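Only the coordinates and a few stated rules stand behind these numbers; no lab work does. Predicted, not measured: the structure shown is a model, and the values here were computed from it. Here the Cβ is made from the backbone with ideal geometry for all residues, glycine too, and neighbour counts use every protein chain on show.
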Amino acid sequence: MVKGRGGPGRRAASLGALTGALWLCVGGLFAGPPVQAAGAGAGGGCAGRLARTVPFDTGELRVYKSRNRACAMAVARTAGERRRMAVSIQPRGGAPVRDAGRFTRHAGPVTVGAISRCVYVKGSVGGGSADSGWILC
């Protein structure tokens, strides 16, 4: 059975498409910032101000703080061949966020929500490692 062009079925389909498009637009307005993978882009770093640096034999941990986020990276003292690196950041009362693998320059960035929360940061480059204890309290 074929209906005319302006039937109720066509209006319902148009309304459904319009509603879907509106939800996509609204969802884009309220979505959080995109997650950044390790080494993404030329800058590939954390946003915010450098809040703490924890040096160790083979590199350093860098902890950044913005208004509502904390971010960490484990950076090798010298860039070069791929080697084992890892970094993790854990907000007090939350689960740690980690990045680990074989990298040439840094592991991370890893970011967590940290509004009025302490964070615990650990990192390693090759055989050296360090942790921050609870900071940014």
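Can you tell me which of 63-75, 91-103, 121-133 comes out highest on packing, and rank the rest after it, using the mean Cβ neighbours within 10 Å?
Details: 63-75: 21.1, 91-103: 14.6, 121-133: 18.7.
Per-residue mean Cβ counts within 10 Å order the peptides as 63-75, 121-133, 91-103.
Tally Lys/Arg at +1 and Asp/Glu at -1 over every other residue whose Cβ is under 15 Å from the Cβ of R105; what's the total?
On the way: positive: R62, R77, R82, R83, R84, R102; negative: E60, E81, D99.
Neighbourhood net charge equals +3.
If we count every other residue with Cβ under 12 angstrom of R82's Cβ, Lys/Arg +1 and Asp/Glu -1, where does the sum land? Display every interim value, and only then the final one.
Numbers: positive: R83, R84, R102, R105; negative: E81.
Summing Lys/Arg as +1 and Asp/Glu as -1 gives +3.
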